[in-house]
1. Please go through the range 56-78 and pick out each residue that is modelled with pLDDT of 90 or more and more than 14 Å from ARG38 (Cα to Cα).
2. Whether any residue in the range 33-51 is touching a helix residue (DSSP H, G or I) at 6+ places or on another chain (Cβ under 8 Å) and either in contact (Cβ under 8 Å) with a residue 40 or more places away in the chain or of a type in the set (Asp, Glu) (or both) is what I want to check.
3. Go over the candidates ASN41, ASN7 one by one and state the one that is more than 12 Å from the chain's Cα centre (by Cα) and open to solvent by 100 Å² or more (accessible area, probe 1.4 Å).
4. Filter the range 7-37 for residues that are farther than 16 Å from LEU71 by Cα and either assigned to a loop (DSSP other than H, G, I, E, B) or among the aliphatic types (A, V, I, L, M) (or both) and give the result.
5. Look at LYS30 and say whether it is within 23 Å of ASP77 (Cα to Cα), surrounded by 11 or more Cβ atoms within 10 Å (Cβ to Cβ) and without any contact (Cβ under 8 Å) to a residue 12 or more places away in the chain.
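The values are calculated or read from the model by the stated rules, or taken from the named source; none is laboratory data. These numbers come from a predicted model, not from an experiment. Neighbour counts are summed over all protein chains in view; Cβ atoms, including those assigned to glycine, are modelled from backbone coordinates with ideal geometry. Note: accessible area is taken over every heavy atom of the protein model, side chains too, but ligands, DNA and RNA are not part of it. Shrake-Rupley method; radii C 1.70, N 1.55, O 1.52, S 1.80 Å.
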Amino acid sequence: MEKKISNDPLHGVTLKKILEDLVGFYGFDKLGELINIRCFNVNPTINSSLTFLRKTDWARKKVEELYVRTLPKLENDR
């Protein structure tokens, strides 16, 4: 049997990994400018942001979209 490779860049990537990569690349200050949500602008932490993003589909979608746009830059830094 052939293994099917997913073309989805988010396949197998956890929300925590996405957030850690984005915070590592941009920092919370810039991330809060790019995606204006409270969890990035007021006392931001990875855990509080994860809690919010797991409950809020529209915010998680914005974070995932930013991650996909940022992925080439992240890969160049590695």
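1. Within the range 56-78, ASP57, LYS61, GLU64, GLU65, LEU66, TYR67, VAL68, ARG69, THR70, LEU71 qualify.
2. No, because not a single residue in the range 33-51 is touching a helix residue (DSSP H, G or I) at 6+ places or on another chain (Cβ under 8 Å) and either in contact (Cβ under 8 Å) with a residue 40 or more places away in the chain or of a type in the set (Asp, Glu) (or both).
3. After ruling out the rest, the residue left standing is ASN7.
4. Result: ILE35, ASN36, ILE37.
5. It is true that LYS30 is within 23 Å of ASP77 (Cα to Cα), surrounded by 11 or more Cβ atoms within 10 Å (Cβ to Cβ) and without any contact (Cβ under 8 Å) to a residue 12 or more places away in the chain.
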